[in-house]
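Each reported figure results from applying straightforward, stated rules to the coordinates on display, with no laboratory input. Model, not experiment: these values are computed from the prediction. Counting neighbours? That spans all protein chains shown, and the Cβs are built from the backbone with ideal geometry, glycine included.
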Amino acid sequence: MALKHKPLTFKLAVTALAMFGFGFALVPLYDVFCDLTGLNGKTAVTAASAEAAQIDISREIVIEFIARPNKQMPWLFEPEVRRMTVHPGEIHIMNYLAQNPTSRMIVGQAVPSVSPGQAALYFHKIECFCFTQQKLAGGKDMLMPLQFYVDPALPSQFSTITLSYTLYDVTSAWTGDSAESSQPGE
Amino acid sequence: MSAVVTDHDHDHEHHDHKPSGIKRWFYTTNHKDIGTMYLVFALIMFFIGGAMAMVIRAELFQPGMQFVEPNFFNQMTTVHGLIMVFGAVMPAFTGLANWMIPMMIGAPDMALPRMNNWSFWILPFAFLILLISLFMPGGGPSFGWTFYAPLSTTYSGDSTALFVFSVHIMGISSIMGAINVIVTIFNLRAPGMTWMKMPLFVWTWLITAFLLIMVMPVLAGAVTMVLTDKYFGTSFFDAAGGGDPVLFQHIFWFFGHPEVYIMILPAFGIVSSIVPTFARKPLFGYASMVYATSSIALLSFLVWAHHMFTTGMPVAGALFFMYCTMLIAVPTGVKVFNWVATMWRGAMTFEVPMMFALAFIVLFTIGGFSGLMLAITPADFQYHDTYFVVAHFHYVLVTGAVFSIIAAAYYWLPKWTGHMYDEKLGQWHFWCSLISVNLLFFPMHFVGLAGMPRRIPDYALQFADFNAFISIGGFLFGASQLIFVWLLVKCARGGEKATAQVWEGAEGLEWEVPSPAPYHTFETPPVIK
């Protein structure tokens, strides 16, 4: 390579490598962007504070609950009720029923998604079974609680929020540290 | 061909010692040899990808399942797309860049000739890997050329690893080619060849090369993430592990949208070279062409999510991407206006390169307009994933990019071979292509608007007549390209001697060297007035 080409070639090669890195940097950037804006319907993965805001009884919001096990997940997984009408600021408890029809222990992880995505920022979970992995022995069932409230600051164009949970089988990746959080069923 | 060169150019004869036979092509670092190999490779790939398109059109000739299994049909749509984008259009442009850029700027060769040899010779292996994967148990990639997760991660076959590696190699080849183009243009311009004297083909390729360096690595990152998600337990795109499949689409289209400009900017350069020659007038608005090309390239980084309107996006995001997308129509409109203004009151003749360039201007503009329709977010919800999209991108890629490459081949063929091509045969090729390509792609707009989805091997009965027309157009277009091959072979073997200038109105350094261009040109830099 002629000497005079070296600096430019080097710079361009470094640019290409940097762009390869940028492709991977998009992954955390995307998460940060979505956390800040709530764009993709991801809700917070940690508990919100229990001191709810002022209850706004002049507004009614319909909350729809969807729950489905992922294709590889053998559990039965259902919300107790399909829909519920709430006032913004009110704290509600909602139970999900999980049943393990197999004969072996399975660990599940629920991943929430809120639609419309922009409402995700205003849906606060005080306690949720989705914060931790849930362990269930074969043939058992259990109730998994969710405690939530809707932020009174929810923009006025939203009157219905759909909360969807997909339950994944994470037995192979189970670390054992979250077993305490699961609650025995009746 | 080499014998002809040495016979005509005794001054250069002593430079022309090169290994004979196949070794010449393996070892060559000559930009003209490498350019020729790129172009021949692209032509072969054009026919392999075209054969897959024929399978697709044969299956869709009638409703119901006729010839192939749905899984094989999906492999055909996937590999057709990959081959045409990465194997035909991009290498053809790189081949043209190799041949023409050093001659246009008065350089003796590309700046990095050994890397040039590398960047070509890894390409056949990339496509060998991709094509071999079709014969694996379970077949080749069948998730569409866009390889959306989870189709390419959770639901793909074992051939995915081969697909990923072949895309890696294609990417490395493109990046090396792009680095070479940039270094050549920056460092090897002849004295006096200032930036704003460079031919537009050089300008558009310079900008394209920067786009390649910016986005091909991102594509490499995307396929790497697919690879590790599928085989090594990462979850970039798997919600179960905290990833997000929509993220895949963001990364892919961050590459994908600049990619479509990579495939069209050199075409703008070609048309900007051909139109002034046959209108016998200098290009109208040279500087505005340069600025328009640059602004298209910059805007291309701000519009990727217009491929993703239906994934659910806040209104503000949809508006941003919609308006940015529509903004691209402005510099593109400047270009079309300039081409038309160049022809205005010109002394025009209509040789084959000019015919293809004219068809490009009209038909590319149709593709641009359907792109504007797709940019309208609320309308896009109806058009998304229908044949309307297929019609749109085939108008910009076939009657756009491919027509420009064919035009360039006709335009510079006398310079490459030293012979004039058969004008009558060329006109036959043009008119057969023009009629059949519109029969092929225009009705796709209608079936798309009526709701026919893309990438489906079967369709509802009401689309039967239109699809029969489309398939006939497809077969005719495929057959028309055989005329082109015949013409190329004929022209390489002999024909009327071409002069150095070839075309009466042609201007530029490449027309000052004899035809065929000697093996080595501009070893002493030319003087630029």
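Structure summary
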read-out: Residues with amide H under 5 Å from that of B:Arg454, placed H, sequence gap 5 or more; value: B:Thr386, B:Tyr387
read-out: For the protein assembly as shown, calculated [θ]222 nm from helices alone, where every DSSP H run of n ≥ 4 adds -39500 (n - 2.57); value: -17500 deg cm²/dmol
read-out: Unsatisfied cross-links (Cα-Cα over 28 Å) in the set A:Lys6/B:Lys230; B:Lys18/B:Lys197; B:Lys18/B:Lys490; value: A:Lys6/B:Lys230; B:Lys18/B:Lys197
read-out: Packing rank of A:132-138, B:406-412, B:383-389, where each peptide gets the mean count of other beta carbons within 10 Å, highest leading; value: B:406-412, B:383-389, A:132-138
read-out: Nearest-0.05 FRET efficiency for B:Gln66 and A:Thr160, computed from C-beta distance (R0 51 Å); value: 0.65
read-out: Point-charge dipole on Cβ atoms (K/R +1, D/E -1) for the protein assembly as shown, about Cα centre, debye to 20; value: 1540
read-out: Neighbour-count ranking [beta-carbon atoms within 10 angstrom, fewest first] of B:His168, A:His92; value: A:His92, B:His168
read-out: Placed amide H near B:Ala500: partners under 5 Å, 5+ positions off or other chain; value: B:Ser515
read-out: Backbone HN-Hα couplings from phi across the stretch A:119-134 [Karplus 6.51/-1.76/1.60, Hz, Gly and Pro as x]; value: 7, 4, 5, 9, 9, 9, 10, 7, 9, 8, 5, 7, 6, 9, 7, 10
read-out: Violating pairs (Cα-Cα greater than 18 angstrom) within the set A:Lys71/A:Lys140; B:Lys424/B:Lys497; B:Lys32/B:Lys415; value: A:Lys71/A:Lys140
read-out: Choice from A:Ile55, A:Ile66, A:Ile161 showing the highest fluctuation, given a GNM over chain A with Cα pairs closer than 10 Å; value: A:Ile55
read-out: Table column - 3J(HN,Hα) (Hz), the stretch B:265-273, Karplus curve with 6.51, -1.76, 1.60, x for Gly and Pro; value: 4, x, 4, 4, x, 5, 5, 5, 7
read-out: Under Karplus coefficients 6.51, -1.76 and 1.60, residue-wise ³J(HN,Hα) of the stretch A:97-103 in Hz, glycine/proline x; value: 9, 10, 9, 9, x, 7, 9
read-out: Taking B:Arg455, A:Arg104 and counting other C-beta atoms within 10 Å, the order from fewest to most; value: A:Arg104, B:Arg455
read-out: Separation between Cα centres of the stretch B:450-526 and the stretch B:28-54, rounded to whole Å; value: 12
read-out: Cα centroid separation - the stretch B:93-108 against the stretch B:242-312, whole Å; value: 22
read-out: Order of B:Thr184, B:Thr277 - criterion: other Cβ atoms within 10 Å of each residue's Cβ, fewest first; value: B:Thr277, B:Thr184
